[in-house]
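Visitor: Take this structure first; my questions come after.
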Amino acid sequence: MMDKILRKIKPSKEEEKRVERLILPVLADIKNSDIKAIVGGSFAKDTWLSGIHDIDIFVKFNYKKFRGKSDKLADILEKKIKKLKPVRLHGSRDYFQLNRGNITFEIVPILDIKKASQAINITDISPLHALWVKKHKLQDEIRLVKTFAKAQHVYGAETHIMGFSGYVLEILTIYYGSFMNFILGVSKWKDKTVIDPERLLSNPLKELNKAKTESPLILVDPVDKTRNAAAVLSKDRYYKLIDAAKKFLNTPSDKFFELKEETIPKNAISIEIKVSKGKSDVVAGKLYSLFKKIKRQLILKGFKIKKSGFIFKDRAIFWFIFKKEKLPKFKDVKGPPLKMKKHVERFKKKHKKSFIKGNYIYTKEKRMFSDAEKFLKYLIRKFKK
């Protein structure tokens with residue numbers, strides 16, 4: 001079965017040559033005496049999948065000469081590649097995007113470092129990640145793991161996904177040694193899993209910054225012991241992968257590698273939103289922020305959410321499953337404690353229909369919305385203005 005899947009997902013020699021023919025001119029156009037352009041990401045590691053042509057180009061600046069100008073690297077690079085007419089995008093350090101044929105290039109300025117401790121920005125470490133992955137020679141096993149994760153909709157560390165990044169999946173595959181060992185390992189994960197592939201720390205939970213250990217998976221970066229590579233991973237994606245691994249072990253099938261559109265639970269209330277033009281990650285990030293804002297408002301107004309989800313493709317869908325879709329039209333509003341007599345009297349004057357419950361005075365107040373679906377539609381109109 002695995003050989004059959006690999007034939008589908010592994011780039012052919014012809015595809016490799018076709019992509020290389022588009023990469024070489026871009027590298028040549030960036031070439032300069034002060035900088036060195038190299039291919040990065042999954043293409044450099046040879047862990048890329050057939051049909052996926054997003055290529056990272058890292059532009060390395062001399063460390064000694066430019067380490068004091070880390071915040072200026074994007075400005076310097078922009079002048080050097082002006083003739084390519086790239087689009088500048090904002091990030092922890094700004095980078096650039098351009099299209100050639102069916103390939104999207106992301107051109108990222110970095111400092112040319114030899115060890116992680118020299119990094120000023122997280123992107124500086126990327127070439128070290130590539131070197132670590134390449135030396136283990138498990139490219140095909142990694143391809144299987146990535147395809148499996150994509151099919152389960154847990155692939156990607158973007159804000160709106162909060163899943164497993166490509167690098168995290170590469171580390172995990174190398175740690176377990178093969179696709180099948182990865183599946184076996186994941187199926188045994190508990191509420192909190194700690195993995196340190198290079199055994200860089202004695203106790204990662206204590207030695208890592210507390211803010212980096214809140215994710216369900218603590219994965220010590222093998223080239224940077226101060227970093228949890230899986231810090232952005234959500235519990236939802238974590239448990240989704242565990243569940244998929246268990247199901248695959250129970251009934252192995254190539255269907256687990258087939259990407260299907262995410263489905264909305266039958267008992268969910270959902271709303272669809274048109275996606276505006278722009279860079280996919282940026283647009284998705286803004287819509288995800290809207291999703292979280294709406295979720296907070298629903299909770300504040302008394303709606304108990306059992307499950308919720310955000311789906312983003314050519315459209316965005318917010319869905320929610322409520323404990324109760326309709327709330328009582330009136331809600332109890334708590335007043336001051338009975339011992340605060342003056343405040344109680346004021347409360348009574350303001351609210352003619354008051355009552356006592358326990359040691360407090362209360363009144364009834366009509367809800368603006370008691371129907372979850374109507375309130376959801378109202379919030380969408382309000383926040384989308």
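Visitor: Taking region 264-287 only, how many residues are outside any loop (DSSP other than H, G, I, E, B) and more than 15 Å from the chain's Cα centre (by Cα)?
Guide: 6
Visitor: Hey, among the residues in region 133-153 that are without any contact (Cβ under 8 Å) to a residue 60 or more places away in the chain and farther than 11 Å from K45 by Cβ, which one's surrounded by the most Cβ atoms within 10 Å (Cβ to Cβ)?
Guide: For region 133-153, the residue satisfying everything is V145.
Visitor: May I ask you to list the residues in region 154-173 that are farther than 13 Å from I183 by Cα and either at pLDDT 95 or above or buried (at least 24 other Cβ atoms within 10 Å of the Cβ) (or both)?
Guide: Of everything in region 154-173, those that are farther than 13 Å from I183 by Cα and either at pLDDT 95 or above or buried (at least 24 other Cβ atoms within 10 Å of the Cβ) (or both) turn out to be V154, Y155, G163, F164, S165, G166, Y167, V168, E170, I171.
Visitor: Another question about this same structure. Provide a single number: the residues in region 132-189 that are within 30 Å of V282 (Cβ to Cβ) and either in the same structural domain as S289 (by TED's automatic domain parsing) or part of a helix (DSSP H, G or I) (or both).
Guide: 19
Visitor: Is it fair to say I57 is farther than 15 Å from Q97 by Cβ, surrounded by 13 or more Cβ atoms within 10 Å (Cβ to Cβ), hydrophobic (A, V, I, L, M, F, W, C) and within 29 Å of the chain's Cα centre (by Cα)?
Guide: Against the criterion (farther than 15 Å from Q97 by Cβ, surrounded by 13 or more Cβ atoms within 10 Å (Cβ to Cβ), hydrophobic (A, V, I, L, M, F, W, C) and within 29 Å of the chain's Cα centre (by Cα)), I57 does not qualify.
Visitor: Return yes when I38 is of a type in the set (A, V, I, L, M, F, W, C), within 17 Å of T104 (Cα to Cα) and modelled with pLDDT of 90 or more and no when it is not.
Guide: The answer is yes for I38.
Visitor: Please count how many residues of region 1-31 are out of contact with any strand residue (DSSP E or B) (no Cβ under 9 Å at 6 or more places or on another chain), exposed (fewer than 14 other Cβ atoms within 10 Å of the Cβ) and assigned to a loop (DSSP other than H, G, I, E, B).
Guide: 2
Visitor: Within region 79-110, track down each residue that is outside any strand (DSSP E or B) and basic (K, R).
Guide: If the condition is that a residue be outside any strand (DSSP E or B) and basic (K, R), then K79, K80, K82, K83, K85, R93 are the ones that fit.
The values are calculated or read from the model by the stated rules, or taken from the named source; none is laboratory data. Since the model is a prediction, treat every value here as computed from it, not as a measurement. In this analysis, Cβ positions are derived from the backbone assuming ideal geometry, glycine residues included, and neighbour counts consider all displayed protein chains.
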